[in-house]
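> Encoded as structure tokens, here's the structure I'll be asking about.
The values are calculated or read from the model by the stated rules, or taken from the named source; none is laboratory data. Quantities reported herein were computed from a predicted structural model and do not represent experimental measurements. Neighbour counts are summed over all protein chains in view; Cβ atoms, including those assigned to glycine, are modelled from backbone coordinates with ideal geometry. What goes into the accessible areas is simple: the full protein's heavy atoms, side chains included, and nothing from ligands, DNA or RNA. Shrake-Rupley method; radii C 1.70, N 1.55, O 1.52, S 1.80 Å.
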Amino acid sequence: GQIRLGGRDLRNYGQQEVRRLIAVVAQHPYLFNATIHDNLLLARPEASQADLTQAARQAQIHDWIASLPQGYDTWIGEQGLRLSAGQRQRIAIARAILQDAPILILDEPTANLDALVEREILTTLQGLATGRTSLLITHRLLGLETADEILVLHAGRVVERGRHHELMQMGGLYSQM
């Protein structure tokens, strides 16, 4: 197969260019043994504190960070060990917001969040997805109503394809989930 970005074969892009074009929010995000500030700056090293704060607000993590004695200068430990899974996830989302890449890949971005925060984050991510190519990988159907296209995978194969309302009418695997 072949992956094309903007009509060009992915293999014709340099590694740094691909990293600039794609923002990823992984199910288990990688965080460094550094401060929250430093971990956020990985997405955009020239970002101002105002940029970091805005991204953190959008990711629903700023108020918690601001409540810490050292705020954004708080060390989070190796792999963010001093943070909850939900806090790690929201920092990864803030990084993706900061990166502002034209392609967004979200792998279970709300898996570690409670229902209320999940709904708010999904609203933020839908706004973030506007005007860019977005790929959402999830087992949860929440927020898929607005997707342009949904591919349902089972045993490594695409078994259904369509929009939310079409798949619900089909009565197949998607509607059973």
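> If you consider only alpha-carbon coordinates, what radius of gyration and Dmax does the range 51-124 have, in Å?
In order Rg, Dmax, the Cα atoms of the range 51-124 give 12.0, 35 Å.
> Over all alpha-carbon pairs in the range 84-177, figure out the percentage whose distance exceeds 21 Å.
Across the range 84-177, Cα pairs with separations above 21 Å total 35 percent.
> Send over a whole-number figure in Å² for the accessible area per residue of the chain, probe 1.4 Å. Walk me through the numbers before you get to the answer.
On the way: 10350 Å² over 177 residues.
Ligands and nucleic acids excluded, the figure is 58 Å² per residue.
> Same structure, new question: Quick one: net charge of TYR72's neighbours, Cβ under 12 Å, K/R +1, D/E -1? List each step's numbers first, then the result.
Working: positive: none; negative: ASP38, ASP51, ASP73.
Taking every other residue near TYR72 into account, the sum is -3.
> If you don't mind, another one. Need one number: convex hull volume per residue for the chain, Cα atoms only, in Å³.
Values: hull volume 24.3 nm³, N = 177.
For the chain, the hull spanned by Cα atoms encloses 137 Å³ per residue.
> For the range 70-96 and the range 121-177, write down the distance between their C-alpha centroids in whole Å.
With the range 70-96 and the range 121-177 each reduced to a Cα centre, they are spaced 28 Å.
> Report, to the nearest 10°, how far helix 85-99 tilts away from the longest principal axis of the Cα atoms in the chain, using its own Cα long axis and a range of 0 to 90°.
Taking the Cα atoms of the chain, the angle to 85-99 is about 90 degrees.
> Let me know the Kirkwood hydrodynamic radius for the range 13-88, please, with Cα pairs as the basis and the value in Å to one decimal.
On the way: mean 1/r = 0.0754 Å⁻¹.
It works out to 13.3 Å.
> Note the direction-averaged projected area, equal to a quarter of the hull surface, for the Cα convex hull of the range 89-143, in nm². Walk me through the numbers before you get to the answer.
Numbers: hull surface 13.5 nm².
With the hull built on Cα positions only, its mean projection is 3.4 nm².
> Still on this structure, I have one more. Ignoring ligands, DNA and RNA, please state the percent of accessible area on the range 80-177 from carbon and sulfur, probe 1.4 Å. Please report the intermediate quantities before stating the final value.
Details: 2880 of 5480 Å².
Carbon-and-sulfur percentage of accessible area, whole number: 52.
> Helix 115-129 versus the longest principal axis of the chain: what is the Cα-based angle in degrees, 0 to 90, to the nearest 10?
Taking Cα atoms only, the helix is inclined about 80 degrees.
> OK, next. Could you identify which residue out of ARG11, ARG57, ARG132 has the top mean-square fluctuation in a GNM of the chain using Cα springs shorter than 10 Å?
ARG11
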